[in-house]
1. Using label points projected 7 Å from each Cα along Cα→Cβ, tell me how many nm separate Arg88 and Ile31, to one decimal.
2. Charges on Cβ only, +1 for Lys and Arg, -1 for Asp and Glu, centred on the Cα centroid of region 28-185; of Pro121, Leu150, Gly61, which one is farthest towards the dipole's positive end?
3. Give me log10 I(q)/I(0) at q = 0.15, 0.16, 0.22, 0.34 Å⁻¹ for region 29-71, Debye formula, one equal scatterer per alpha-carbon, no solvent.
4. Could you give each residue of region 87-95 its phi-based ³J(HN,Hα) in whole Hz, using Karplus coefficients 6.51, -1.76, 1.60 with θ = phi - 60°, and x for Gly or Pro?
5. How much length would be gained if the chain were fully extended between Gln152 and Ser8, taking 0.36 nm per residue of separation minus their Cα-Cα distance, in nm to one decimal?
6. Calculate, in nm to one decimal, what Ser124 and Leu24 gain on full extension: separation in residues at 0.36 nm each, minus their alpha carbon distance.
7. Could you list Asp136, Asp11 so that the one with the fewest beta carbons within 10 Å of its beta carbon is first and the one with the most is last?
8. Please get the size of the charge dipole for region 1-50, origin at its Cα centre, with Cβ charges of +1 on Lys and Arg and -1 on Asp and Glu, quoted in debye to the nearest 20.
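Quick note: the coordinates plus some simple rules give every number you see, no bench work behind them. Please read all numbers here as calculations on a predicted model, not as lab measurements. Glycine gets a Cβ as well: all are built from the backbone with ideal geometry, and neighbour counts include every protein chain shown.
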Amino acid sequence: MRKREEASTRDRILAAAERLFSHLGLERATIRGIAAEAGVNIAAVNYHFGSKEALERETFGVLAERVNRDRLARLQLCLDAAGARAPRLEDLVTALVAPYLEGGPGKPGLLPQLILLLSLPGASDKSKRAVATAFDEVAARFVDAFARALPQLSKAELWWRYNLVIGATVYTVGNSGGRRLLRLSGGAADPTQRGELLQHLVAFVSAGLRGETEISTLTLPSGGARTTKGGKR
């Protein structure tokens, strides 16, 4: 009975942390507020997690597991539908990025925010390792699937492109990138419109993955700067 009660308390704290992190942001959500949201005292939060940083990392782990499970299930559906044929690239990309968009109504998913936070220079080594390894198996599965859809590309090239895809996705879906896009576009490009965001993201990512030229075959101008008739840009 005691173990069940402790597990229930821990789960309630994690659920409360996810809600407040999503609603208030990582900086404004406090241990006191999370404890109140969970219906426990601050001592219970400290007992189960020890610090706000540890609670953020644990919340990241729960979200990462949920997203990975969703992505792999979607990936398997794509592969089953394709059978012996090459899977459709846009379907694979949707399976990869769509779970990142899941959050509250009108809000981007919390996971990209946590990935950015825990990757910052000031984050602990434990937090950085958590980010670095949480998606390794899923990444390998998707790169293998991309290799079936894009047989003209080498595995090394696909790994480069996969890494760039994740960087673009995390920034675009995370709060910082989303707020900046909304501000710069004067509201014309609204990332809180989840369906529109997904359409643009899938189209952009698919085009980047599908490019037939291996980067190793490109020759940049001297100094790496692209030039035009009007000079450098």
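1. According to this spin-label approximation, the distance is 5.0 nm.
2. Checking the options against the dipole of region 28-185, the answer is Pro121.
3. Scattering profile of region 29-71, log10 relative to I(0): -0.41, -0.46, -0.72, -1.12.
4. Once rounded to whole Hz, the list reads x, 6, 4, 4, 5, 5, 5, 4, 4.
5. Values: separation 144, 0.36 × 144 = 51.84 nm, distance 5.08 nm.
Full extension from Gln152 to Ser8 adds 46.8 nm.
6. Result: 33.7 nm gained on full extension.
7. Ascending number of Cβ neighbours within 10 Å: Asp136, Asp11.
8. Value, rounded to 20: 140 debye.
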